[in-house]
Amino acid sequence: MTASGTFGYGIEFADLVNLSDIGGIIVKGTTLHPREGNDYPRMAETASGMLNCVGLQNKGVDYFCKNIYPKIKDIDTNMIVNVSGSSIEDYALCAARINELERIPAIELNISCPNVKQGGMAFGVTSKGARAVVEAVRKAYDKTLIVKLSPNVTDIAEIALAVEDAGADAVSLINTLMGMAIDINRRCPKLSINTGGLSGPAVKPVALRMVWQVAKAVKIPVVGLGGISTTEDAIEFLMAGASAVQIGTANFIDPAVSVKIAQGISRWLDQHKYKSVQEIIGAV
């Protein structure tokens, strides 16, 4: 799959890659109300990765349903909507609107958003907060519910178990790590809000470790992401216990990377005499 925020709505890349060759496209974050996002600059390149603080810029779920959904509903792959919110009520209402869309088989719940009613702490950094959001969305949404976990926690397996118990059908991890970059000539941060989410190859060892931990803890499927840019990277995540993978930052370098990695996995399985990818999932 392609990770949310790295592949637009898919249609932007239709001239560059056969979208039906991708297992799923997770569209950019969608919220109940329109959001302008953060001020510029909101992206900065770092060693083996990038920082971003885009701030979930989007035109809201009503605009998505009216203007975007008709354009993407007939794409021959799994179109999945990433849902974000600043309150439990916002999450549930947004999910309920997406639930009405026949050709959207799943949502990915981004619980790394700050809870404006609780002093700005992200929902996903405590088991209680994560559970509360998932329980509310589960009541409003009856299709496949994937919960995207934040790595900025002490015990990610504990959070994964909480969302599993609350009704999640799968978990995806990791979301970005909090990071910072400074312009030493201007003596100020490179991002407008000082800090942002770190993604790219730099986070892969952390992501791989967390996927391995969570896959051992939960019974629901695990989707692995974080720094995957090659076939070998993806296979590592599968062997760590992921049932599927998402490609994120690498899309900015090569929009066709997801298809190339999928083809690479097939070739690797053939070379090593495996009949199915299932044989290597959790092989470590």
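The values are calculated or read from the model by the stated rules, or taken from the named source; none is laboratory data. Computed from a predicted model, the values in this text were never measured in an experiment. Virtual Cβ from ideal backbone geometry, glycine too; neighbours counted across all protein chains shown.
Give the range 38-76 a look and list any residue that's over 28 Å from residue 203 (Cβ atoms), among the aliphatic types (A, V, I, L, M) and in contact with a helix residue (DSSP H, G or I) (Cβ under 8 Å, 6 or more places away or on another chain), or say none.
61, 72, 75
Six or more apart or on different chains, Cβ under 9 Å: which pairs go from a residue in the range 221-232 that's within 27 Å of residue 167 (Cβ to Cβ) to one that's of a type in the set (D, E, K, R) and in a strand (DSSP E or B)? Could you list them?
223/108; 223/148; 225/148
Considering only residues that are at pLDDT 95 or above and among the hydrophobic types (A, V, I, L, M, F, W, C), look in the range 55-73 and name the one that is nearest to residue 121 (Cα to Cα).
My answer is 61.
Please determine whether any residue of the range 74-87 is over 21 Å from residue 121 (Cβ atoms) and touching a Phe, Trp or Tyr at 6+ places or on another chain (Cβ under 7 Å). If you could, list the steps in order and put the result at the bottom.
Applying the first criterion (over 21 Å from residue 121 (Cβ atoms)) to the range 74-87 yields 74-81.
Now restrict to residues that are touching a Phe, Trp or Tyr at 6+ places or on another chain (Cβ under 7 Å): none.
No, every residue in the range 74-87 fails to be over 21 Å from residue 121 (Cβ atoms) and touching a Phe, Trp or Tyr at 6+ places or on another chain (Cβ under 7 Å).
Write out, first by first residue and then by second, each pair whose Cβ atoms fall under 9 Å of each other, whose residues are 6+ apart or on separate chains, and whose first residue, in the range 152-174, is within 17 Å of residue 226 (Cα to Cα) while the second is in a helix (DSSP H, G or I) and at pLDDT below 95.
What qualifies is 152/124; 152/125; 153/124; 153/125.
Would you mind finding the one in 79, 180 that is surrounded by fewer than 19 Cβ atoms within 10 Å (Cβ to Cβ), in contact (Cβ under 8 Å) with a residue 12 or more places away in the chain and either touching a Gly at 6+ places or on another chain (Cβ under 9 Å) or of a type in the set (Ser, Thr, Tyr) (or both)? Can you show your working first?
Working: 79 fails: surrounded by fewer than 19 Cβ atoms within 10 Å (Cβ to Cβ).
Going through 79, 180 in turn, just one is surrounded by fewer than 19 Cβ atoms within 10 Å (Cβ to Cβ), in contact (Cβ under 8 Å) with a residue 12 or more places away in the chain and either touching a Gly at 6+ places or on another chain (Cβ under 9 Å) or of a type in the set (Ser, Thr, Tyr) (or both): 180.
Suppose we filter the range 60-77 for residues that are closer than 17 Å to residue 23 by Cβ, touching a Ser or Thr at 6+ places or on another chain (Cβ under 9 Å) and not acidic (Asp, Glu); how many remain?
Final tally of qualifying residues: 2.
Just wondering, is there one or more residues in the range 257-275 that are of a type outside the set (S, T, N, Q), under 27 Å from residue 37 (Cβ atoms) and under 19 Å from the mean Cα position of the chain (by Cα)?
Residues of the range 257-275 of a type outside the set (S, T, N, Q): 257, 259-262, 264-265, 267-270, 272-275.
Imposing the further condition that a residue be under 27 Å from residue 37 (Cβ atoms) reduces the set to 257.
Still in the list and also under 19 Å from the mean Cα position of the chain (by Cα): 257.
Within the range 257-275, one or more residues are of a type outside the set (S, T, N, Q), under 27 Å from residue 37 (Cβ atoms) and under 19 Å from the mean Cα position of the chain (by Cα).
Which of the residues that make up the range 28-67 are surrounded by fewer than 22 Cβ atoms within 10 Å (Cβ to Cβ), more than 16 Å from the chain's Cα centre (by Cα) and aliphatic (A, V, I, L, M)?
43, 44, 47
Quick one: count up the residues across the range 116-149 that are among the charged types (D, E, K, R), in a helix (DSSP H, G or I) and either in contact (Cβ under 8 Å) with a residue 60 or more places away in the chain or crowded, with 18+ Cβ neighbours inside 10 Å (or both). Walk me through how you get there before you give the answer.
Step one: list which residues in the range 116-149 are among the charged types (D, E, K, R), which gives 117, 128, 131, 135, 138-139, 142-143, 148.
Pick out the ones that are also in a helix (DSSP H, G or I) and you get 117, 128, 131, 135, 138-139.
Next cut, either in contact (Cβ under 8 Å) with a residue 60 or more places away in the chain or crowded, with 18+ Cβ neighbours inside 10 Å (or both) only: 131, 138.
Within the range 116-149, residues that are among the charged types (D, E, K, R), in a helix (DSSP H, G or I) and either in contact (Cβ under 8 Å) with a residue 60 or more places away in the chain or crowded, with 18+ Cβ neighbours inside 10 Å (or both) number 2.
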